[in-house]
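Following: one structure in structure tokens, then a few remarks.
The values are calculated or read from the model by the stated rules, or taken from the named source; none is laboratory data. Bear in mind the structure is a predicted one, so any value in this text is a computation, not a measurement. Glycine also receives a Cβ, built like all others from the backbone with ideal geometry; neighbour counts cover every protein chain displayed. Please note that ligands, DNA and RNA were not included when accessible areas were found on the heavy atoms of the full protein model with its side chains. Shrake-Rupley method; radii C 1.70, N 1.55, O 1.52, S 1.80 Å.
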Amino acid sequence: MSNRKLEGQVALVTGASSGIGEGVALALGEAGATVVVNYVTKPEVAQTVVDRIVAMGSKAIAIQADVSKEDQVQAMFLKTIQEFGTIDILVNNAGIQKDAKFEDMTLDQWNAVLNVNLTGMFLCSREAIREFLRRGLVPERSVACGKIICMSSVHEIIPWAGHVNYATSKGGVKLFMQSLAQEYGNRKIRVNSIAPGAIQTPINRAAWETPEALESLMTLIPYNRIGKPEDIGKLAVFLASDDSDYITGTSIVIDGGMTVFEGFATGG
Ligand code: BGC
């Protein structure tokens, strides 16, 4: 079936029990991929994502792991490979915010964000690349040997006062992704980022949960709507599939125009 373009491929999505990760896991499952739904807390919530993917006719399991912990990440990849034989697609989605005024930011807030958002990508990508290299190209499944998608943010471009730890992590994701793409392009491993703007998820609830907050958010978004996890899911399917085979080392912004700086529409 043409809409099941990821049939036969195994995808692991970190932080897949809610928000953008959930949207991506569901979209990959709908496209025929077998999906590993990674989560840290709330196994019952992760299981509902698994159940929805299974109901679409694809395989899925939930695996608990804190992506910032080397032993847990290695155990998760081992379990994935034991269960499904290999992994073809990694979506480095897990991410957190611990917002604070810079002068009040604690070392714990700084470390927590860098550990999950950046070190987590390092640990998961390293395991994925080891497996891609071990397995080699399987042309019946994909013309690429493996695909890595990093969930970045418009804040790899837009500085963000009050969120210095988060913006730093996303700036880091940009060169992490590009350097990996450079290092492994000749092994036919593609590495790209998705840079979402404001997507309606628990991480930014305060920005959309009241009409006043939403109205203020809309002053930043020329297209005048908040994004949905499904918007990101569709892009993830494209980047994971052979349709995007000539795309590597790129960050694709998906933000309703946030990065065209709406404030300049009437000013400047
Ligand atoms: C953040 C959200 C924010 C959005 C746009 C995302 O990366 O996680 O909290 O709404 O960027 O500013």
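The rows are residues; the columns are (1) touching a Phe, Trp or Tyr at 6+ places or on another chain (Cβ under 6 Å); (2) at pLDDT 95 or above; (3) away from the ligand (no atom under 11 Å from the Cβ).
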residue: Thr106; (1), (2), (3): no, yes, yes
residue: Thr119; (1), (2), (3): no, yes, yes
residue: Met151; (1), (2), (3): no, yes, no
residue: Ile189; (1), (2), (3): yes, yes, yes
residue: Ile194; (1), (2), (3): no, yes, no
residue: Pro211; (1), (2), (3): no, yes, yes
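For the range 252-263, how many residues meet the condition of being within 17 Å of Ile199 (Cα to Cα), within 13 Å of the ligand (Cβ to nearest atom) and not in a loop (DSSP other than H, G, I, E, B)?
Adding up the residues that qualify gives 4.
Need pairs with beta-carbon distance below 8 Å; first residue within 17 Å of Lys101 (Cα to Cα) and within the range 149-165, second charged (D, E, K, R) and more than 9 Å from the ligand (Cβ to nearest atom); sequence gap 6+ or separate chains.
Taking only residues 6 or more apart or on different chains, the pairs are Gly162/Lys101; Asn165/Lys98.
Only one of these is under 23 Å from Lys170 (Cα atoms) and open to solvent by 40 Å² or more (accessible area, probe 1.4 Å): Thr266, Thr248, Thr259. Name it.
Going through Thr266, Thr248, Thr259 in turn, just one is under 23 Å from Lys170 (Cα atoms) and open to solvent by 40 Å² or more (accessible area, probe 1.4 Å): Thr248.
Among the residues in the range 221-228, are any among the charged types (D, E, K, R), modelled with pLDDT of 95 or more and crowded, with 16+ Cβ neighbours inside 10 Å?
Checked the range 221-228: no residue is among the charged types (D, E, K, R), modelled with pLDDT of 95 or more and crowded, with 16+ Cβ neighbours inside 10 Å.
Could you list all residues from the range 24-49 that are closer than 18 Å to Val237 by Cβ, open to solvent by 10 Å² or more (accessible area, probe 1.4 Å) and assigned to a helix (DSSP H, G or I)?
Leu26, Ala27, Glu30
Listed residues Ser216, Ser179; which is loosely packed, with under 15 Cβ neighbours inside 10 Å, away from the ligand (no atom under 11 Å from the Cβ), hydroxyl-bearing (Ser, Thr, Tyr) and closer than 21 Å to Ile252 by Cα?
Every option except Ser179 fails the conditions.
Name the residues in the range 1-17 that are more than 21 Å from Leu123 (Cβ to Cβ) and surrounded by fewer than 24 Cβ atoms within 10 Å (Cβ to Cβ), would you?
Met1, Ser2, Asn3, Arg4, Lys5, Glu7, Gly8
Is it the case that Gln200 is modelled with pLDDT of 95 or more, within 12 Å of the ligand (Cβ to nearest atom) and open to solvent by 20 Å² or more (accessible area, probe 1.4 Å)?
yes
Can you pull out the residues in the range 117-134 that are over 16 Å from Gly249 (Cα atoms) and open to solvent by less than 50 Å² (accessible area, probe 1.4 Å)?
Result: Asn117, Leu118, Gly120, Leu123, Cys124, Glu127, Ala128, Glu131, Phe132.
Please go through the range 219-251 and give me each residue that is of a type outside the set (Val, Ile, Thr), away from the ligand (no atom under 16 Å from the Cβ) and not in a helix (DSSP H, G or I), ordered by number.
Listed by number, the residues that qualify are Ser241, Asp245, Tyr246, Gly249.
Looking at (1) free of Cβ contacts under 8 Å to residues at least 12 places away in the same chain; (2) within 16 Å of the ligand (Cβ to nearest atom), which one does Thr266 not meet, given that it meets all the others?
(2) is the only condition that Thr266 fails.
Given Ser142, Ser152, Ser58, which one is farther than 21 Å from Ala33 by Cα, open to solvent by less than 60 Å² (accessible area, probe 1.4 Å) and of a type in the set (Ser, Thr, Tyr)?
Ser152
Yes or no: Lys5 over 15 Å from Phe238 (Cα atoms), touching a residue at least 12 places away in the same chain (Cβ under 8 Å) and out of contact with any strand residue (DSSP E or B) (no Cβ under 7 Å at 6 or more places or on another chain)?
Spelling it out, it is not the case that Lys5 is over 15 Å from Phe238 (Cα atoms), touching a residue at least 12 places away in the same chain (Cβ under 8 Å) and out of contact with any strand residue (DSSP E or B) (no Cβ under 7 Å at 6 or more places or on another chain).
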